[in-house]
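What follows is a short report on a single structure.
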Amino acid sequence: MMQEQRLQVLGVVGSLNQKSVTRVVINYAADALGEKGCLVEVFDPVKEHLDLFNPDSAYNSAIYGVLQKRVEAADVFLLGTPDYHGSISSPLKNFLDHFWQEFAGKLFVPMVSSHEKGLTVLDQIRTVARQCYAWSLPYGISFVDKEDVRDGQISSETFKKRLEMMVQDVHHYGTLLAKQRVADLSSKYPSFMEASKSVVKLKAN
Ligand SMILES: Cc1cc2nc3c(=O)[nH]c(=O)nc-3n(C[C@H](O)[C@H](O)[C@H](O)COP(=O)(O)O)c2cc1C
């Protein structure tokens, strides 16, 4: 984690839509975090196909090995999804289903494209965070197609300001959490990261 002490961020585009507004927002946030000095990557299932998670075969696939390294290296996950029936999209769920131990002690940033604020969707991302011992930003980022994002651009000044706040918070709290995670992994005192110690050390060897 945190090569040269730079916060590592993985953005995830949870839409297969070629003209996805979720993609526009994830890429915008990724660029803004890059300008802040973070090391940023984006996983976009349109560019990198990920089979539907199958526990019998997923862990042996070539893409899993590559993606797992990127997930392990990341300190923060920008999780973008359209609101589908008040739920997260299948591409985002599929990405999340491939991992769990890798998320422990890291920061999730829930981001949703919705006409209805996407509150149930944001809650579902927080539920995944809790199940995987990840932290979640205490607020979500929701945006509306054609109001906040138009013609492939962020079109609302209010939304730009909210993204600016998120970028600042991610940089600040992501860094604090990443440092604490490293400290907990090497600490002799008990913490919720206890269960991850053997896994992380095993992988490091
Ligand atoms: C199958 C499906 C279900 C949807 N359900 C909802 C919904 O429950 N609430 C809502 O506000 N929008 C809903 N939408 C609209 C999408 O959330 C919206 O178009 C979103 O901006 C798409 O994001 P994308 O461009 O990143 O794919 C739905 C769209 C689809 C295709």
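The set of residues in segment 94-113 that are surrounded by fewer than 18 Cβ atoms within 10 Å (Cβ to Cβ) and either within 16 Å of the ligand (Cβ to nearest atom) or in a strand (DSSP E or B) (or both) contains only ASN94. For segment 1-51, taking the residues that are without any contact (Cβ under 8 Å) to a residue 24 or more places away in the chain and in a helix (DSSP H, G or I), the one that is nearest to the ligand (Cβ to nearest atom) is identified as ASN27.
Within segment 136-158, identify whether any single residue is among the acidic types (Asp, Glu) and either within 16 Å of ALA74 (Cα to Cα) or in contact with a strand residue (DSSP E or B) (Cβ under 7 Å, 6 or more places away or on another chain) (or both), and answer yes or no. Yes - at least one qualifying residue is present in segment 136-158. Going by what's in this entry, would PRO91 be described as within 16 Å of the ligand (Cβ to nearest atom) and part of a helix (DSSP H, G or I)? Yes. Against the list (1) out of contact with any helix residue (DSSP H, G or I) (no Cβ under 9 Å at 6 or more places or on another chain); (2) surrounded by fewer than 20 Cβ atoms within 10 Å (Cβ to Cβ), the condition GLU48 fails is (1). Restricting attention to segment 120-133 and to residues that are within 14 Å of the chain's Cα centre (by Cα) and polar (S, T, N, Q), the residue that is farthest from the ligand (Cβ to nearest atom) turns out to be THR127.
Among the conditions (1) part of a loop (DSSP other than H, G, I, E, B); (2) more than 13 Å from the ligand (Cβ to nearest atom), the only one that LYS117 does not satisfy is (2). Restricting PHE95, PHE99 to those that are among the hydrophobic types (A, V, I, L, M, F, W, C) and in contact with a strand residue (DSSP E or B) (Cβ under 9 Å, 6 or more places away or on another chain) reduces the list to PHE95. Taking the stated definitions as given, is SER136 crowded, with 18+ Cβ neighbours inside 10 Å and within 11 Å of the ligand (Cβ to nearest atom)? No, not satisfied.
Pick from segment 139-152 the residues that are open to solvent by 50 Å² or more (accessible area, probe 1.4 Å) and part of a strand (DSSP E or B): which of them is nearest to PRO82 (Cα to Cα)? For segment 139-152, the residue satisfying everything is ASP145. For segment 54-86, the set of residues classified as more than 16 Å from the ligand (Cβ to nearest atom), touching a residue at least 24 places away in the same chain (Cβ under 8 Å) and either over 18 Å from the mean Cα position of the chain (by Cα) or part of a strand (DSSP E or B) (or both) consists of ALA58, VAL76, PHE77, listed by residue number.
The values are calculated or read from the model by the stated rules, or taken from the named source; none is laboratory data. Because the structure is a prediction, the values reported are computed rather than measured. FYI the Cβ positions are ideal-geometry reconstructions off the backbone, even for glycines, and counts take in every protein chain you see. Quick note on the areas: whole protein, heavy atoms, side chains included, nothing else; ligands and nucleic acids left out. Shrake-Rupley method; radii C 1.70, N 1.55, O 1.52, S 1.80 Å.
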